[in-house]
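Participant: The structure that follows is given in the form of structure tokens.
Quick note: the coordinates plus some simple rules give every number you see, no bench work behind them. Quick caveat, the model's predicted, so the values are computed rather than measured. Here Cβ is always computed from backbone atoms with ideal geometry, including for glycine, and neighbour counts include all displayed protein chains.
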Amino acid sequence: MSAREIPNQKAIAREMIVQQAAYAHADVSASPRRVGTIRSNLIRALQQLEVIAKRRGPRIAFKAKGRILFLDLGEIVAVQAEGNYVSLRHRPNPYLLRESLSSMAEKLKPYGFIRIHRSVVVNISAVEEIQPLPTGEYRLRVKGGKEYLVTRTYKDNLRDLAQLWVGSERLPG
């Protein structure tokens with residue numbers, strides 16, 4: 001269930017409580033015990049929905065300046081190699097971590113990150129546009145306007161950008 005669906009589910013659960021309570025009170029043969037059971041079941045369902053609503057998406061934890069910081073993975077646009085470090089491209093400020101890009105790429109792959117260059121991994125949910133280049137490479141634009149080059153070695157990874165490609169069997173170029 002997505003975060004956008006949760007408020008709707010909570011409203012539906014509240015409406016169900018009201019309807020069930022009204023139904024139980026209108027039913028002359030309904031015992032107080034039955035009314036209490038219906039009410040407690042619906043309240044339990046509402047509480048479970050509230051627990052789901054409070055959960056956050058996947059997060060990454062890392063040390064920075066003597067503290068441990070937590071970032072939602074959805075807020076990270078890209079990870080870029082910088083020498084023996086990687087830079088987490090997070091707005092408003094990037095963070096440097098002492099880790100290899102290969103290691104980060106493997107850790108982030110299950111969360112929707114793909115490698116597009118030997119020194120860049122991007123969050124597929126942040127990609128806004130890809131443009132084929134005459135060289136067989138691609139230019140990829142992410143949220144915030146930053147552009148990255150997708151080299152021929154990694155162009156097959158672009159298939160993971162969308163669950164459904166329409167109007168074309170394969171990428172142009």
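Participant: Just to verify a number: FRET efficiency for F70 and R39, C-beta to C-beta distance, R0 = 35 Å, to 0.05?
Facilitator: Efficiency at R0 = 35 Å is approximately 0.40.
Participant: Classify region 32-173: rounded, prolate or oblate, from the alpha-carbon gyration tensor (a ≥ b ≥ c, eigenvalue square roots; a/c under 1.5 rounded; otherwise prolate if a/b is larger than b/c)?
Facilitator: It comes out oblate by the Cα gyration axes.
Participant: Right, something else. Picking from V127, N93, V142, whose Cα lies most toward the positive end of the charge dipole for region 53-153 (charges on Cβ: Lys, Arg +1; Asp, Glu -1)?
Facilitator: Value computed over the given set: N93.
Participant: With θ set to phi - 60°, apply the Karplus curve 6.51 cos²θ - 1.76 cosθ + 1.60 along region 96-107 and write out the HN-Hα couplings as whole Hz, x wherever there is a Gly or Pro.
Facilitator: Each residue of region 96-107 in turn: 9, 10, 8, 7, 7, 5, 4, 5, 5, 4, 5, 5 Hz.
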